[in-house]
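**Student:** This structure is in structure tokens; I'll ask about it shortly.
The values are calculated or read from the model by the stated rules, or taken from the named source; none is laboratory data. All values derive from a computational prediction rather than experimental measurement. Heads up, the Cβs are rebuilt from the backbone with ideal geometry, glycines too, and the neighbour counts pull from every protein chain shown. Heads up: the accessible areas ignore ligands, DNA and RNA and are worked out on the full protein's heavy atoms, side chains in. Shrake-Rupley method; radii C 1.70, N 1.55, O 1.52, S 1.80 Å.
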Amino acid sequence: MTHAPTPDFLSQLTAALPEGTFRSRQAGELDDPRGRHEGRAALVARPRTVEEVATIVRMCNAEGVGVVPLGGGTGLVLGQVAYDGPEPIAISLERMSAVRGVYPSENVIVVEAGAILANVQAAAEAEDRLFPLSLAAEGSCRIGGNLGTNAGGLNVLRYGNARDLCLGLEVVMPSGEIWHGLKRLRKDNTGYDLKNLMIGSEGTLGIITAAALRLYPRPKQEAAAFMAVTDPQAALDLLSLARDMIGEGISAFELISGVGLDFLTETLPEVRQPFAERPEWCVLIDLGLSGQGEPQEALGALFEAAYDAGLVSDGVISSSAAQRAEFWAVRERIPEGNKRIGSISSHDISVPLSRIPAFIPDGIARLKALGDIRVNCFGHLGDGNLHYNVFPAKGQTREAYESIRAQVKKTVHDLVYEYDGSVSAEHGVGRLKVEDLERYQDPVKLAAMRAIKDVLDPNGIMNPGAVLRVRD
């Protein structure tokens, strides 16, 4: 159990690092983006090197003071929001944002953990390469946070999660020692995979300070299409047909509900929508081809086959890069529309693909039994990750549903458990889902996680309260 830093310790800590390393918390920087919790910190550290990070962690470990790593602050499960317990030292990686090297022939880029995701994408593009991790927050989220939460995003179907895009790491361990694991190897079977233990650990086992990341050849031709489907089962059948016809050229396959389109109409009317008549369900398909094939032709052939099979009723295919960007703007602004409506409870879940068509209406029926609600179900259908978010009836506010908010969350998560799914698909556990982890996780896995935490971080200083509950 950690304790608050004393004035003497804060003086020692600031004296041990270069002038300007520490400052007070700025308004809002450690807070929950959804506005429910305010983060706390005795000081915010902004180290410039891995050695400075190591010094801070080593001194905090010796004193029993908690440390909370801070990336872009965009996380939605309170992983970066220490809102209770003793005040920690927040360690921001904002000054450690350099690209240490790009190796086009190896398809590898080495970056520091504070690098903004969009800047990593741009550095890869400058070498005619693709770093495929793509998130709505890519203009502000940082690589360390992406790896710490094993971020997913829009291109998981083709390229995998953040874990699949990482070859090596540099990490400051809870003792303050530096693990120099920054290798650029595809194959390295030298014992336990410490890299994959750190990825997804949300700063509870160490602080990622740099990473070697996989790059890919940039697709030479890209196109996207919206296709209206009758229901989620038709969407899954369309995905299967697309894989048979197009194969690995499918970069993304996003499910969008009519409720989500209604929210855009209600809150963001300037967003140009693809259909004159709003469908109950539609999918956004994105292709990236590196060979001689024409993506528009491939999407046209897919639409014809799907129409003949009764899977789609309408569709539109992008004819230019600008129109493809317009299509993606519809999908990418759905979260903004959600925020303007104001959710009662939001859920980042995954369900086995074949069970999604039953799960979606089952959940809606159970939730409607609790009250007059709307469900906006959308997300990455190709990998089974749904954002299953619950909203007030039109004309109502989320405050009117505060009494059932906890019951709404439990209803959704209980159903996910029944369907053999996960209550955290890509956002992590943080502090928000600690109780969910205890309720739904396999007890053997949970015990193993606790044992690993106790061995690597015996003083419990690393992001206390995130992922695993602080012991009394």
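**Student:** From VAL416, VAL390, VAL429, VAL455, grab the single residue that is under 17 Å from the mean Cα position of the chain (by Cα) and β-branched (Val, Ile, Thr). Give the steps one after another, and end with the answer.
**Tutor:** Numbers: VAL416 fails: under 17 Å from the mean Cα position of the chain (by Cα); VAL390 fails: under 17 Å from the mean Cα position of the chain (by Cα); VAL455 fails: under 17 Å from the mean Cα position of the chain (by Cα).
Answer to the selection: VAL429.
Per-residue answers, yes or no, for (1) charged (D, E, K, R); (2) at pLDDT 95 or above; (3) open to solvent by 50 Å² or more (accessible area, probe 1.4 Å); (4) touching a Leu at 6+ places or on another chain (Cβ under 6 Å):
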| position | (1), (2), (3), (4) |
| --- | --- |
| GLN233 | no, yes, yes, no |
| ASP237 | yes, yes, yes, yes |
| MET245 | no, yes, yes, yes |
| ILE256 | no, yes, no, no |
| ASP262 | yes, yes, yes, no |
| LEU268 | no, yes, no, no |
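**Student:** Being farther than 22 Å from ASP457 by Cβ, assigned to a helix (DSSP H, G or I), open to solvent by less than 40 Å² (accessible area, probe 1.4 Å) and of a type outside the set (Lys, Arg) narrows it down to one of ALA123, ALA137, so name that one.
**Tutor:** ALA123
**Student:** Here is a follow-up. So which residues in the stretch 250-289 are in a strand (DSSP E or B) and of a type in the set (S, T, N, Q)? Write out each step before concluding.
**Tutor:** Applying the first criterion (in a strand (DSSP E or B)) to the stretch 250-289 yields 250-257, 281-289.
Listed by number, the residues that qualify are SER251, SER257.
**Student:** Criterion first (over 22 Å from VAL470 (Cα atoms), of a type in the set (Gly, Ala, Ser) and either part of a helix (DSSP H, G or I) or open to solvent by less than 40 Å² (accessible area, probe 1.4 Å) (or both)) does ALA27 satisfy it? Can you show your working first?
**Tutor:** Numbers: over 22 Å from VAL470 (Cα atoms): yes; of a type in the set (Gly, Ala, Ser): yes; either part of a helix (DSSP H, G or I) or open to solvent by less than 40 Å² (accessible area, probe 1.4 Å) (or both): no.
Criteria not met by ALA27.
**Student:** Would it be correct to say that ALA242 is in a strand (DSSP E or B) and closer than 24 Å to SER313 by Cβ?
**Tutor:** Criteria not met by ALA242.
**Student:** Which numbered condition trips up GLY379, out of (1) within 21 Å of THR267 (Cβ to Cβ); (2) in contact (Cβ under 8 Å) with a residue 60 or more places away in the chain; (3) of a type in the set (Gly, Ala, Ser); (4) touching a Phe, Trp or Tyr at 6+ places or on another chain (Cβ under 6 Å)?
**Tutor:** Status for GLY379: all satisfied but (4).
**Student:** Same structure again: Show me the strands (runs of 3 or more DSSP E) entirely contained within the stretch 157-216 in which 1 or more residues are free of Cβ contacts under 8 Å to residues at least 24 places away in the same chain and in contact with an Asp or Glu (Cβ under 7 Å, 6 or more places away or on another chain). Please lay out each step first, then the result.
**Tutor:** Details: elements: 166-172, 178-181, 207-214.
The strands (runs of 3 or more DSSP E) meeting that bar are 178-181.
**Student:** Quick one: in the stretch 382-411, of everything that is of a type in the set (A, V, I, L, M, F, W, C) and out of contact with any helix residue (DSSP H, G or I) (no Cβ under 6 Å at 6 or more places or on another chain), which residue is farthest from LEU157 (Cα to Cα)? Explain how you work it out, then say what you get.
**Tutor:** Residues of the stretch 382-411 of a type in the set (A, V, I, L, M, F, W, C): 386, 390-391, 393, 400, 404, 406, 408.
After this cut, where a residue has to be out of contact with any helix residue (DSSP H, G or I) (no Cβ under 6 Å at 6 or more places or on another chain) as well, the list is 386, 393, 400, 404, 406, 408.
Details: LEU386: 13, ALA393: 33, ALA400: 38, ILE404: 35, ALA406: 32, VAL408: 29 Å.
Among those that are of a type in the set (A, V, I, L, M, F, W, C) and out of contact with any helix residue (DSSP H, G or I) (no Cβ under 6 Å at 6 or more places or on another chain), it is ALA400.
**Student:** Right, here's the next one. Name every residue in the stretch 315-332 that is outside any helix (DSSP H, G or I) and open to solvent by 70 Å² or more (accessible area, probe 1.4 Å), in order of residue number.
**Tutor:** If we filter the stretch 315-332 for residues that are outside any helix (DSSP H, G or I), which is where we start, we get 315-320.
If the condition is that a residue be outside any helix (DSSP H, G or I) and open to solvent by 70 Å² or more (accessible area, probe 1.4 Å), then SER319 is the only one that fits.
**Student:** While we're here: Which of the residues spanning the stretch 276-297 are without any contact (Cβ under 8 Å) to a residue 60 or more places away in the chain and out of contact with any strand residue (DSSP E or B) (no Cβ under 6 Å at 6 or more places or on another chain)? Walk me through how you get there before you give the answer.
**Tutor:** Of the residues in the stretch 276-297, the ones without any contact (Cβ under 8 Å) to a residue 60 or more places away in the chain are 276-282, 292, 297.
The answer is ALA276, GLU277, ARG278, GLU280, GLN292, GLU297.
**Student:** For the stretch 71-97, what are the residues that are at pLDDT below 95, surrounded by fewer than 22 Cβ atoms within 10 Å (Cβ to Cβ) and not small (Gly, Ala, Ser)?
**Tutor:** THR74, LEU76, TYR83, ASP84
**Student:** Return yes or no: is ASN107 farther than 26 Å from GLU177 by Cα, crowded, with 19+ Cβ neighbours inside 10 Å and at pLDDT 95 or above? Full working, then the answer.
**Tutor:** Working: farther than 26 Å from GLU177 by Cα: yes; crowded, with 19+ Cβ neighbours inside 10 Å: yes; at pLDDT 95 or above: yes.
It is true that ASN107 is farther than 26 Å from GLU177 by Cα, crowded, with 19+ Cβ neighbours inside 10 Å and at pLDDT 95 or above.
**Student:** For GLY337, indicate whether it is within 19 Å of ALA234 (Cα to Cα), within 23 Å of the chain's Cα centre (by Cα) and buried (at least 19 other Cβ atoms within 10 Å of the Cβ). Spell out how you get there, then give the answer.
**Tutor:** Values: within 19 Å of ALA234 (Cα to Cα): no; within 23 Å of the chain's Cα centre (by Cα): yes; buried (at least 19 other Cβ atoms within 10 Å of the Cβ): yes.
Criteria not met by GLY337.
**Student:** Inspect the stretch 217-229 for any residue being part of a helix (DSSP H, G or I), open to solvent by 60 Å² or more (accessible area, probe 1.4 Å) and touching a helix residue (DSSP H, G or I) at 6+ places or on another chain (Cβ under 7 Å) and give the result as yes or no.
**Tutor:** Quick first cut of the stretch 217-229, residues part of a helix (DSSP H, G or I) only: none.
No, that holds for no residue.
**Student:** Follow-up question, since we're still on this one. For the stretch 175-194, check the following and say yes or no: at least one residue is modelled with pLDDT of 95 or more and surrounded by 20 or more Cβ atoms within 10 Å (Cβ to Cβ).
**Tutor:** no
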